[in-house]
1. List the pairs whose first member sits in the range 60-85 and is in a loop (DSSP other than H, G, I, E, B), whose second member is not acidic (Asp, Glu), and whose Cβ atoms are under 6 Å apart, counting only residues at least 6 apart or on separate chains?
2. Could you tell me whether ARG56 is at pLDDT below 85 and either within 13 Å of the chain's Cα centre (by Cα) or open to solvent by 50 Å² or more (accessible area, probe 1.4 Å) (or both)?
3. Here's a check for you: in the range 26-51, which residue that is within 29 Å of LEU15 (Cα to Cα) and among the hydrophobic types (A, V, I, L, M, F, W, C) is modelled with the lowest pLDDT?
Amino acid sequence: WGGGFFNAYDAASRLDLDFWMHVGDFIYEYGPEDSYPSPVQAVRYAPQPGGLQPPRELVSLQDYRERYAMYRRDMGLQSLSASAP
C-alpha cells in the first residue's frame, strides 16, 4: 500500500463499468527475511499515526482486520466500489 500500487483503482473508477471483480490480494505480507518498506521508501502514508497499520507482521485476526480497513480507506478504491457493484 505504501508503495502506491493501488492507482489502477482510481483509473478504473472513471470507466463506464457494469461491474468489477478483484481477483488479487489486498493484503501483502513479507516473510521473516524481508521487511516492510520504511516511511522513507513509502510514496504515501496512512492517516496518523502514519505508515502501515498495524506497523508489524500480521499475526492475529484483529491485525488482518486493521490492515484491510486501512487499505479500504484508499480513495481510489472507494471510488471504484461506488461506481459499480
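The values are calculated or read from the model by the stated rules, or taken from the named source; none is laboratory data. On a predicted model such as this, the values are computed, not experimentally measured, just so you know. Here Cβ is always computed from backbone atoms with ideal geometry, including for glycine, and neighbour counts include all displayed protein chains. For the accessible areas, the whole protein counts, side chains as well, though only heavy atoms, and no ligand, DNA or RNA atoms are used. Shrake-Rupley method; radii C 1.70, N 1.55, O 1.52, S 1.80 Å.
1. ASP74/PHE6; ALA84/LEU17; ALA84/PHE19; ALA84/TRP20; PRO85/PHE19
2. Answer is yes for this residue.
3. Step by step, filter the range 26-51, then rank; the result is ALA46.
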